[in-house]
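Student: Take this structure first; my questions come after.
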Amino acid sequence: MTKWKLNIDGDRFEQTHWHILQHNFPNYEVFWSEFIVPMTCRNELPKDHALYIHPKKNVDADLQNISMAHYTIFRCFIVAHELILLKQDASNEAIYADRLDLIYSNFGTIIDMVSNIFFFLAKLQFRFGLRKTFIDKKSYAELEGLLKNFFDSDYDSRIQDFERTKRPVYIDIYKMADFIFDVLGITPETESFNIFSQRIRSIRNAAIHNPVIGSVNEKFIPKLDKLKKYYLWGELFYNLDLNDFVDKEQMFVDDFKELSLLVNRLWDKLIPKYREISENGSFTKLLGTVYISKPCPECKGDMQYLEMTKNYFPNSYDKNKKEFVLSSSSRNLFKTAYWNCPNCKHKEIINVKETKVSE
Ligand SMILES: [Zn+2]
């Protein structure tokens, strides 16, 4: 059970669309509730406050990057979902025909954002002394090793790719995706995510960097390992083997499901790693502060938003002594927020919430 619920406490988009993702990717809500909500004003402001769901002031940049990537993952899943469900009619023919590119662009962004989160997590681990370096500078010998490896295994096929599709030939020295392994090591979760993300990237790159992928009646497209064979549309007419093709609609549905389940499994490992950092004493400093201002109705000066938590112990009546006594078994926290004008001392009080705390 998460403390916060996306269908109640999320932004409007999350509230209306969470049901689409919640069965395959429940960990989105777990991560959001525990780590994203504290960067927003939800804990401090009343729900009807305009800034309730907004980020606090001065949230650390690495945390903002993580929160932005996390939300983008959600958005891309929902956009992909709507594209998959899209029904063809006269008003959307072009978008309908282009869905492969659009859906796999969104899947590709999801994969990139996952790497993004691990990249910034590694940076935070370094900042909190949980790892020695953030990015290791490679030695000349290590670079030479990469070059040799590339020469032995990839060079020939990459030249062919360049010749055929003009795809640039380069050697990856650092890439964001490495940080998933860097942070979690080689595990069944990281391995299966990595293999699947290569599939998504290959389809995305084929779709967005090349002419439209040829299909049979707009319904069947070449399997990933047959894309090269059917690169030229002419092959579809004169060298067609239907065993080389998959049903496009089914592929969309299957890949959506697989990707959401794999990201969810990866989050099982991500959450404890992130928690390790968030439990560090100085972590709360990164979460920013609630700071809002509005014009004072009295003097038009700048009013500031402040808050105060009062502790009080409820009284109970002792019939024998005929007096009120303090109950020590529980106390109440009474949170008051108020607008204060430092100029004319005008004050507007908002009672935020009252909670019972059992000792
Ligand atoms: Zn004033």
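Student: Take the residues in the stretch 162-171 that are in contact with a helix residue (DSSP H, G or I) (Cβ under 8 Å, 6 or more places away or on another chain) and under 21 Å from Leu146 (Cα atoms); name whichever of them is surrounded by the fewest Cβ atoms within 10 Å (Cβ to Cβ). Break it down stepwise before answering.
Tutor: Step one: list which residues in the stretch 162-171 are in contact with a helix residue (DSSP H, G or I) (Cβ under 8 Å, 6 or more places away or on another chain), which gives 165, 167-169, 171.
Now narrow it down to the ones that are under 21 Å from Leu146 (Cα atoms): 167-169, 171.
Working: Arg167: 15, Pro168: 8, Val169: 12, Ile171: 13.
Only one residue fits best here, namely Pro168.
Student: Can we say Glu14 is surrounded by 17 or more Cβ atoms within 10 Å (Cβ to Cβ), part of a loop (DSSP other than H, G, I, E, B), assigned by TED's automatic domain parsing to the domain that holds His81 and not hydrophobic (A, V, I, L, M, F, W, C)? Even if it seems obvious, please write down each step before you answer.
Tutor: Values: surrounded by 17 or more Cβ atoms within 10 Å (Cβ to Cβ): yes; part of a loop (DSSP other than H, G, I, E, B): no; assigned by TED's automatic domain parsing to the domain that holds His81: yes; not hydrophobic (A, V, I, L, M, F, W, C): yes.
No.
Each row is one residue, and each column tells you yes or no for (1) under 18 Å from Leu102 (Cα atoms); (2) among the charged types (D, E, K, R); (3) more than 32 Å from the chain's Cα centre (by Cα).
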residue	(1), (2), (3)
Asn205	yes, no, no
Pro211	yes, no, no
Ser215	yes, no, yes
Asp225	no, yes, no
Lys228	no, yes, yes
Trp233	no, no, yes
Asn239	no, no, yes
Leu242	no, no, yes
Phe245	no, no, yes
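Student: Check off (1) over 30 Å from Arg275 (Cα atoms); (2) acidic (Asp, Glu); (3) at pLDDT 95 or above for Asp98 and give me the number that stays unchecked.
Tutor: Of the numbered conditions (1) over 30 Å from Arg275 (Cα atoms); (2) acidic (Asp, Glu); (3) at pLDDT 95 or above, the odd one out for Asp98 is (3).
Student: I would also like to ask the following. Quick check on the stretch 126-161: of everything there that is farther than 26 Å from Tyr274 by Cβ and of a type in the set (Gly, Ala, Ser), which residue is surrounded by the fewest Cβ atoms within 10 Å (Cβ to Cβ)?
Tutor: Ala141
Student: Report the residue count in the stretch 116-173 for those that are assigned to a helix (DSSP H, G or I) and of a type in the set (A, V, I, L, M, F, W, C). Walk me through how you get there before you give the answer.
Tutor: At the first step, the residues of the stretch 116-173 found to be assigned to a helix (DSSP H, G or I) are 116-127, 140-153, 155-165.
Narrowing the set further to residues that are of a type in the set (A, V, I, L, M, F, W, C) leaves 117-122, 124, 126, 141, 143, 146-147, 150-151, 159, 162.
Within the stretch 116-173, residues that are assigned to a helix (DSSP H, G or I) and of a type in the set (A, V, I, L, M, F, W, C) number 16.
Student: Next question. Is it the case that some residue within the stretch 263-286 is within 16 Å of the ligand (Cβ to nearest atom) and either outside any loop (DSSP other than H, G, I, E, B) or in contact with a helix residue (DSSP H, G or I) (Cβ under 9 Å, 6 or more places away or on another chain) (or both)? So that I can check it myself, show each step before the final result.
Tutor: Step one: filter the stretch 263-286 for residues within 16 Å of the ligand (Cβ to nearest atom), giving none.
No - not one qualifying residue is present in the stretch 263-286.
Student: Also: For Leu100, indicate whether it is out of contact with any Leu (no Cβ under 7 Å at 6 or more places or on another chain) and surrounded by 18 or more Cβ atoms within 10 Å (Cβ to Cβ). Quick ask: steps written out before the conclusion?
Tutor: Numbers: out of contact with any Leu (no Cβ under 7 Å at 6 or more places or on another chain): yes; surrounded by 18 or more Cβ atoms within 10 Å (Cβ to Cβ): yes.
Yes, satisfied.
The values are calculated or read from the model by the stated rules, or taken from the named source; none is laboratory data. Model, not experiment: these values are computed from the prediction. Backbone-built Cβ (ideal geometry, glycine too); neighbour counts: all protein chains shown.
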